[in-house]
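**Q** Just passing along the structure, written as structure tokens.
Values in this text are rule-based calculations from the coordinates and carry no lab data. Predicted, not measured: the structure shown is a model, and the values here were computed from it. Methodologically, a virtual Cβ is constructed for each residue, glycine included, from the backbone with ideal geometry; neighbour enumeration extends over all protein chains shown.
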Amino acid sequence: MNITIIGLGVIGGSLGLAIKQTDPNITVTGYDSVGHIDAALHRDAIDFGSISLPSLLHDADIIFVCTPVHTIIKLLPTIAKYCKRSAIITDVGSTKSEIANTAKKVFRKNGIFIGGHPMAGSEGKGIEFADALLFQNATYVLCADTTQKKRITKLTSLLHSIGARVLFLSAKDHDTIAASISHLPQLIAVAMMNMVERKNKKHHGYLQLAAGGFRDITRIASSPYGMWNDILASNNTEIRKAVKEFSVVLSQFEKDLQTSSRRNTFAQRFRNAKKMRDAIPKNSKGFLQPVHDIFVSVDDKPGVLSQMTTALYKANINIKDMELLKIREGRGGTFRLSFDSKIEADKAKKVLVRTKINVL
């Protein structure tokens, strides 16, 4: 099988790594800038690459378009022109309707286009953050109808082989659902941070107390705007509907807080929220994975940070994030260390305890 990946960033690079590790006999070619191609070759994510797109399309059985939404739309006519008749073309864009509408216009003779969206990713940017295990247990949406499903068994089998869980949705249903469970939360996190930023100018206590739940719920506010510019433009209608609906909910909350019956009203809402939250599949990954934190207290002396990180490095434990929470000059400080999984966090605790680091 010949596979071409257009765009060798986190998703494209991860696809290449996952496919090559699953079946080394598959030939994977990559299209990007010279620097990105060299990096992908160095990581064995592709077998060879080119900065000439047509040369990579004519013999490809499956073509993955792993670029921002606006670039996907621009590339589709070229792909339709040079791909072979039996080729399966799919993308990884975060919105689907606009891409699907463009694909219907250009894929008339050659290729079958299927919109796709892997619910997996990374806060990092570039192939250096690519991970062969990125798609393990990740929901991977494919926008295929009943007739198309029969024609894309190569694609679905490939995605299953790299650990993904394929979910079939129409492009419209995908965008409607994504607006509520992905795009709206992003805007809420951004709104909360901007509100607190304004308040913090008058009283610095806001950020000093912004830990725990507030930090967790606003974590996605750190996402770079570049990707979100495309999302807000291409799924504008559905996002505005979600924002309007959520505004109505918040307005009702504000009204209910003024009544004496609020205890029962909010008790029921909290129970419903917990029930729904507990029903979210725990073994399925989302776009940005939750991190698992541990807290350590260290003395203020040279080499202590190196001692801690070296011990974790030797144990092959990767620190996802690190934050100095507080420091007492001349005495020590408290660090928050974040890891990809609870298993990794628990392993890290044991390693640090053996290293005589005080785990809180």
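**Q** At a Cα cut-off below 21 Å, give the lysines reachable from residue 105, other chains included and same-chain residues fewer than 8 away excluded.
**A** Here the lysines satisfying the reach criterion relative to residue 105 are 74, 81, 84, 96, 149, 172.
**Q** Classify the stretch 292-359 as rounded, prolate or oblate from the Cα gyration tensor: take a ≥ b ≥ c as the square roots of its eigenvalues, call it rounded if a/c is under 1.5, otherwise prolate when a/b beats b/c and oblate if not.
**A** Since a/c reaches 1.5 and a/b is larger than b/c, the shape of the stretch 292-359 is classed as prolate.
**Q** Assuming 0.36 nm per residue, please report the length gained on full extension of the stretch residue 319 to residue 55 beyond their Cα-Cα distance.
**A** Full extension from residue 319 to residue 55 adds 91.0 nm.
**Q** Treat every Asp and Glu Cβ in the chain as -1 and every Lys and Arg Cβ as +1, leave all other atoms uncharged, and give the resulting dipole magnitude about the Cα centre to the nearest 20 debye.
**A** The dipole magnitude comes to about 1180 debye.
**Q** If you don't mind, another one. Output the relative contact order of the stretch 2-170, whole-number percent, from Cα pairs under 8 angstrom with separation of 6+ residues.
**A** 23 percent
**Q** Then there is this: Tell me, 152, 3, 188 in order of fewest to most beta-carbon neighbours within 10 Å?
**A** Fewest-to-most Cβ neighbours within 10 Å comes out as 188, 152, 3.
**Q** Does the stretch 174-278 classify as rounded, prolate or oblate by the C-alpha gyration tensor (a ≥ b ≥ c root eigenvalues; a/c under 1.5 gives rounded; else a/b over b/c gives prolate, otherwise oblate)?
**A** The shape class here is oblate.
**Q** Rounded, prolate or oblate: which one fits the stretch 2-170, using the alpha carbon gyration tensor with axes a ≥ b ≥ c (rounded when a/c is under 1.5, else prolate when a/b beats b/c, else oblate)?
**A** Judged from the Cα gyration tensor, the stretch 2-170 comes out rounded (a/c under 1.5).
**Q** By a straight-distance test (C-alpha under 16 Å), which aspartates and glutamates pair with residue 241 as possible cross-link partners, with residues fewer than eight away in the same chain excluded?
**A** Within reach: 173, 175.
**Q** What ranking do 355, 67, 147, 310 get, fewest neighbouring Cβ atoms within 10 angstrom at the top?
**A** Going from least to most buried by this count: 147, 310, 355, 67.
**Q** In percent, how large is the relative contact order of the stretch 292-359, given Cα pairs closer than 8 Å and 6 or more residues apart?
**A** Here the relative contact order equals 46 percent.
**Q** OK, next. Relative contact order for the chain using alpha-carbon pairs under 8 Å, separation at least 6, rounded to a whole percent?
**A** Relative contact order here is 13 percent.
**Q** Also, quick follow-up: Please compute the Kirkwood hydrodynamic radius over the chain, one decimal place, Å, based on all pairs of different Cα atoms.
**A** Radius from the Kirkwood sum: 23.0 Å.
**Q** Which lysines, if any, have their Cα less than 24 Å from the Cα of residue 274, not counting same-chain residues under 8 positions apart?
**A** Those lysines meeting the cut-off are 244, 255, 282, 285, 342.
**Q** Determine the gain in length on full extension of the stretch residue 266-residue 48; use 0.36 nm per residue of separation and subtract their C-alpha separation, reporting nm with one decimal.
**A** Taking residue 266 through residue 48 to full extension adds about 72.6 nm, to one decimal.
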